[in-house]
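Just below is one structure, and these are the notes that go with it.
Just so you know, all these numbers are worked out from the coordinates, no wet-lab data involved. Small disclaimer: the values here were computed from a predicted structure and weren't measured. Note that we place each Cβ from the backbone using ideal geometry, even for glycine, and neighbour counts take in every protein chain shown.
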Amino acid sequence: MGETAVLRSDDPRVPALAAAGWRTTARSFGAQLDVRDLDEDRLRARRDRVAPLVVRELRDADLPAVRALDAATVRDYPGGAATRHAALTDATAALHHARRAFGALTPDGRLVGLTYLDRDADAVETDFTVVDAAFRGRGIGLAVKAASVLALAHDGVRRFRTGGSADNAAIIAAGIALGYRRDEEWVTLER
């Protein structure tokens, strides 16, 4: 594998690299949701639509299930260097005020979807969202993201950021359904 560069799509170096023989191997995006634009009723409906699954904030007692779901899905992330997900470690899975997670659990307690977020003052960035392969296509990713936005908005967060691979139709649709607005695009180029 050759050199890799991840640049905003409007970066003036992109055409020059393309002319020099670099090729685009992946596209990704960033999006933002401001608290003033929240539709709490719509978010609650998205969260509750997956019943009888229970959608809630995850706790330390959930970390073994978090690590198991993460390990089972770590190879499922589309895209390239810009959207790569490294398997969680004890340190990166740890929950605290600046690192929160929300999950969807079956009635018997099996974790089937989760989202992790990192907080900095009144802003939050989604680190990743994942759903067990057997449960995809049911709105679970949307439900856990909606739950996170509702809870964190009530905790004082004013700006939410998310993103991912431009090839991940599910995460793009979830962002749109929650009210995120795409505001940046990135390209991964390889020599």
- Out of every Cα-Cα pair in region 121-173, what percent are more than 14 Å apart? 57
- Message: For a quick check: with amide H placed at 1.01 Å from N, whose amide H comes under 5 Å from Gly164's, ignoring anything fewer than 5 positions away on the same chain?
- Response: Phe29
- Message: Which of rounded, prolate or oblate describes region 1-123 when judged by the alpha-carbon gyration tensor and an a/c cut-off of 1.5?
- Response: prolate
- Query: Which ³J(HN,Hα) values, rounded to whole Hz and listed in residue order, are derived for region 184-191 from phi using the Karplus coefficients 6.51, -1.76 and 1.60 in 6.51 cos²θ - 1.76 cosθ + 1.60 with θ = phi - 60°, glycine and proline given as x?
  - Reply: 8, 10, 10, 10, 9, 10, 10, 6
- Distance in nm between Ala169 and Leu7 label points, each 7 Å along Cα→Cβ, equals 3.1
- Cβ-based net charge around Ala87, under 14 Å, with every Lys or Arg adding one and every Asp or Glu removing one: -1
- Assuming R0 = 35 Å, what is the FRET efficiency of His154 and Ala20, from their Cβ-Cβ distance, to the nearest 0.05? 0.10
- Please give the net charge around Arg158, taking every other residue with its beta carbon less than 12 angstrom from that of Arg158, where Lys and Arg add +1 and Asp and Glu add -1. -1
- Stretchable slack from Asp76 to Asp120, in nm (0.36 nm times residue separation minus alpha-carbon distance): 13.1 nm
- Applying the Karplus parametrisation 6.51 cos²θ - 1.76 cosθ + 1.60 with θ = phi - 60° to the phi angles of region 90-98, what ³J(HN,Hα) value in whole Hz is obtained for each residue in order, glycine and proline being reported as x? 4, 5, 7, 8, 4, 9, 6, 3, 9
- Message: I need the P(r) histogram for region 65-191: all alpha carbon pairs, bin width 5 Å from 0 out to the longest distance, whole percents.
- Response: 2, 10, 21, 24, 22, 15, 5, 1, 0, 0
- region 107-170, relative contact order in percent, only Cα pairs under 8 angstrom and at least six apart counted: 35
- Query: Normalised by the residues of the chain, what does the relative contact order come to in percent, with Cα pairs under 8 Å and at least six apart?
  - Reply: 41
